[in-house]
Amino acid sequence: SLVSQQRYRFAMRKVYREAMRTMTSDGLTGLFSHGFLHENLAKQLEEAKTWHKNLTVGFFDIKLLAQFNHDYGYVAGDLLIRQISTMITGLLRGEDMSARYGGDEFVVVLPETPPDGAAVALRRIASVIGSTEFAVANMTEPVPVYLQVGVASAEEGDSAESLIARAKADVK
C-alpha cells in the first residue's frame, strides 16, 4: 500500500511539472509565455523598487514577417520565428529572460542593467541576427531577417504592462 501511494505521488509530481512547463512556455518557441512574462516582470519590478536596482526591458519586432508569411506561408514563418527566438536566448546572459510577446514580437527582461548598457546589448543582438542568413525548408536562398528594437527602463509607478508598452513604443 505504501509503495503504491509513493508511486502515485511520483506520478502526480511528474504531471504537475509538465503542466507547469506548459503553462509557462510558448508552444511555438519554447520561450516563456506572455502570461508568465507579466507575472515574472511584476515580481522583478517590485524587487528592483525595493532594492533600488536597475531593470530594463527590450522589445524586438521582426520587420516584414507578415510579408514573409504571405509569400512563403505560415509554416516557413513559424520556422523562422523558432530560429530567431533560439538566437535571441543564446545571445542573452544567464540572468536575463526572453519571452514571446505575440506573433512576431519578443520581450527581453534585463535585470540590474542600466538603459544605456541594455540598448547596446539589444542593438548587438539585432545586429547579429541581421547579419545571419537563416535557412528555411523548401527555400533555395537564405532568408535575411531584420529586428526592430525598443528599450525602456523601469520608473517609479511602472507596472509590467506600462514598462512593456514604453519599450514597444520606443521600437525603431
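Look through the range 70-100, keep the residues that are modelled with pLDDT of 95 or more and hydroxyl-bearing (Ser, Thr, Tyr), and return whichever of them is surrounded by the most Cβ atoms within 10 Å (Cβ to Cβ).
Ser98
Return the only residue of Leu92, Leu122 being closer than 19 Å to Lys53 by Cβ and without any contact (Cβ under 8 Å) to a residue 60 or more places away in the chain.
Numbers: Leu122 fails: without any contact (Cβ under 8 Å) to a residue 60 or more places away in the chain.
Result: Leu92 is the single residue among Leu92, Leu122 that is closer than 19 Å to Lys53 by Cβ and without any contact (Cβ under 8 Å) to a residue 60 or more places away in the chain.
For (1) farther than 18 Å from Phe36 by Cβ; (2) acidic (Asp, Glu); (3) part of a strand (DSSP E or B), each residue gets a yes or a no:
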{"position": "Phe60", "(1), (2), (3)": "no, no, yes"}
{"position": "Ala66", "(1), (2), (3)": "yes, no, no"}
{"position": "Asp71", "(1), (2), (3)": "yes, yes, no"}
{"position": "Gly77", "(1), (2), (3)": "yes, no, no"}
{"position": "Ile84", "(1), (2), (3)": "yes, no, no"}
{"position": "Ile88", "(1), (2), (3)": "no, no, no"}
{"position": "Leu92", "(1), (2), (3)": "no, no, no"}
{"position": "Ala99", "(1), (2), (3)": "no, no, yes"}
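Starting from the range 145-172, keep only residues that are more than 22 Å from Val120 (Cβ to Cβ) and open to solvent by less than 20 Å² (accessible area, probe 1.4 Å), then list their pairs with residues that are of a type in the set (Gly, Ala, Ser) and outside any strand (DSSP E or B) whose Cβ atoms are within a distance under 9 Å, requiring at least 6 positions of separation or different chains.
Filtered contacts from the range 145-172: Ala160/Ala42.
Return yes or no: is Thr56 farther than 16 Å from Ala160 by Cβ, open to solvent by less than 40 Å² (accessible area, probe 1.4 Å) and not in a helix (DSSP H, G or I)?
Answer is no for this residue.
The values are calculated or read from the model by the stated rules, or taken from the named source; none is laboratory data. These numbers were taken from a predicted model, which means no experiment stands behind them. Ideal geometry is used to build each Cβ from the backbone, glycine not excepted, and the neighbour counts take in all protein chains shown. What goes into the accessible areas is simple: the full protein's heavy atoms, side chains included, and nothing from ligands, DNA or RNA. Shrake-Rupley method; radii C 1.70, N 1.55, O 1.52, S 1.80 Å.
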